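Following: one structure in structure tokens, then a few remarks.
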């Protein structure tokens, strides 16, 4: 479905992408993982053919370099934060439907599909961030393209909107769409991806399955524990004695855990007869700032 | 290959946006109001309002066009692409199955439609008032002036779009547009006059330098269209009439068409090569 060979993009003397080669099969959901500046967004822009590049790149059998417009017709694109014109929701869908040569009735259909029908007469500026992302998804689906390209699509959404959006993309992937998305959120990659391409400083560092990512990159996650106030000091002492890095935060305690050792702190506290009121798993990039104790 | 359907879709959106643009509406009302006022001015010594002839109204409107049309054409064009680039709307539009020439031509066509509609409203209102009160014997010259005003508006829009593509920010594009407006409207005239006096330039040079300015082209062509000679322009006008004769008006019209086409062609070419709209240093 997508093949990239020696994909290279330079901005002056700086190489944003350097000899990146990969293949994505139809029906896959591939995550581009990397820190800011790794080359994720540049790769997606090359896929869309909106900037020049060296090397070979094809989408759905179309040479992006030579036929970028045809390649874009095979792609539904959802940016991190879509900038729409100042129109109503239904007018926006109709405008992009005309550009995508979608049948006029598709505008109403896709708004229904992303549950925006009841907001169709609102101005886009009145929508929440989550609704705007759903509108971007609706626009992406107008011409029923085989490929969806998403650039950190949940970065600006709240937790519930993130979950809903990921579920929608999962459904589309299960229905046969090939999905390529960039992310630096481990939970998103695990929930949505079937394969991960790890980029670093413009180079393809490794390919792996989503559940291997944390261990391959030595990534840590944090377990947030709610402990009764009277047991808080004791729990910090127990966790410290068992070698965990902790960080008290208001009514809860954050404990750093490995991808394959998430239950270990809970066992340590259970053995010390310390009650746990609740817990949740948090990605490193969602952590509040504070002093940690090893 | 260009798809007309894409150009039309974008043009429709731009036209719709222009109709919702407050400044554009203010300009339309102001232009129509001034045109109407000029067409219904009372004659000296008269106790009642009497309409002037088409030629006199056209001559009065030339100065209005020379001041207003370049300003609105340049600023509307300059704000267009640069504004979309700044909000991110351009990057999103470019990610759709349209090519850059279609986007630029669609935007240009939409803005041109809005601008020409404004001029039609202003000239049309004045024309209707005159038609209701006087004969329509000299309506031909009036219509030619309207056509020349269209060409001037389109040429200013082309220059505005070129500026919008060259500038990194909307503010820069608008600043450049205002500077160019001042240059064309005021400095062009005064500069040529000053240079002529200080350097004692031959009359043919003065004429050729002045017609490099599209506003001067419009002015000379409009005067020709309403009074058939250029005596009002002094020696330069007499030189032009004797040198080019009946070819002068077609040459000036061709010159204005070139001022429409050349900057627009440059804009399309530069926009096609540009990657500035997608490249943000923080988002690589």
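So residue A:139 ticks every box in (1) free of Cβ contacts under 8 Å to residues at least 12 places away in the same chain; (2) closer than 18 Å to residue A:44 by Cβ but one. Which box is left unticked?
Result: residue A:139 fails condition (1) only.
Would you check if there is a residue in the stretch B:260-269 being closer than 22 Å to residue B:59 by Cα, modelled with pLDDT of 80 or more and more than 14 Å from every other protein chain (Cβ to nearest Cβ)?
no
Can you tell which of A:135, A:111, A:150 is buried (at least 17 other Cβ atoms within 10 Å of the Cβ), within 13 Å of another protein chain (Cβ to nearest Cβ) and over 16 Å from the mean Cα position of the chain (by Cα)?
A:135
Select from the stretch A:1-50 the residues that are free of Cβ contacts under 8 Å to residues at least 60 places away in the same chain, over 17 Å from residue A:66 (Cα atoms) and in contact with a strand residue (DSSP E or B) (Cβ under 6 Å, 6 or more places away or on another chain) and list them in ascending order.
A:23
Just give me the residues in the stretch A:98-108 being assigned to a loop (DSSP other than H, G, I, E, B) and at the interface with another protein chain (Cβ under 7 Å from one of its Cβ atoms), in sequence order.
A:100 - this is the single residue of the stretch A:98-108 that is assigned to a loop (DSSP other than H, G, I, E, B) and at the interface with another protein chain (Cβ under 7 Å from one of its Cβ atoms).
Just to be sure before I move on: is residue A:165 crowded, with 17+ Cβ neighbours inside 10 Å and at pLDDT 95 or above in the structure I sent?
Criteria not met by residue A:165.
So, in the stretch B:95-110, exactly how many residues are over 11 Å from residue B:6 (Cα atoms) and buried (at least 23 other Cβ atoms within 10 Å of the Cβ)?
Within the stretch B:95-110, residues that are over 11 Å from residue B:6 (Cα atoms) and buried (at least 23 other Cβ atoms within 10 Å of the Cβ) number 3.
Conditions: (1) more than 24 Å from the chain's Cα centre (by Cα); (2) crowded, with 19+ Cβ neighbours inside 10 Å; (3) modelled with pLDDT under 95. Residue A:97 meets all but one. Number of the miss?
(3)
Return the total of residues in the stretch B:129-143 being surrounded by fewer than 22 Cβ atoms within 10 Å (Cβ to Cβ) and closer than 20 Å to residue B:68 by Cβ.
2
What are the residues in the stretch A:1-25 that are within 13 Å of chain B (Cβ to nearest Cβ) and outside any loop (DSSP other than H, G, I, E, B), if any?
Of everything in the stretch A:1-25, those that are within 13 Å of chain B (Cβ to nearest Cβ) and outside any loop (DSSP other than H, G, I, E, B) turn out to be A:9, A:10, A:11, A:14, A:15, A:16, A:17, A:18.
Of all residues in the stretch A:56-97, which are within 8 Å of chain B (Cβ to nearest Cβ) and in a helix (DSSP H, G or I)?
Within the stretch A:56-97, A:68, A:69, A:70, A:72, A:73, A:95, A:96 meet the criteria.
Provide a single number: the residues in the stretch A:26-55 that are more than 14 Å from chain B (Cβ to nearest Cβ), under 21 Å from the mean Cα position of the chain (by Cα), closer than 27 Å to residue A:12 by Cβ and surrounded by fewer than 19 Cβ atoms within 10 Å (Cβ to Cβ).
The qualifying residues number 0.
Just give me the residues in the stretch A:196-207 being surrounded by fewer than 17 Cβ atoms within 10 Å (Cβ to Cβ) and more than 15 Å from residue A:6 (Cβ to Cβ), in sequence order.
A:200, A:201, A:205, A:206, A:207
Condition (residue is more than 14 Å from chain A (Cβ to nearest Cβ), free of Cβ contacts under 8 Å to residues at least 24 places away in the same chain and not in a helix (DSSP H, G or I)) applied to the stretch B:77-89: is it met by at least one residue?
No.
Got a sec? Which of B:194, B:188 is modelled with pLDDT under 75 and exposed (fewer than 14 other Cβ atoms within 10 Å of the Cβ)?
So the residue among B:194, B:188 that is modelled with pLDDT under 75 and exposed (fewer than 14 other Cβ atoms within 10 Å of the Cβ) is B:194.
The values are calculated or read from the model by the stated rules, or taken from the named source; none is laboratory data. Everything numeric in this text was worked out from a predicted model, so none of it was measured. All Cβ positions, glycine included, derive from the backbone under ideal geometry; neighbour counts span all protein chains shown.
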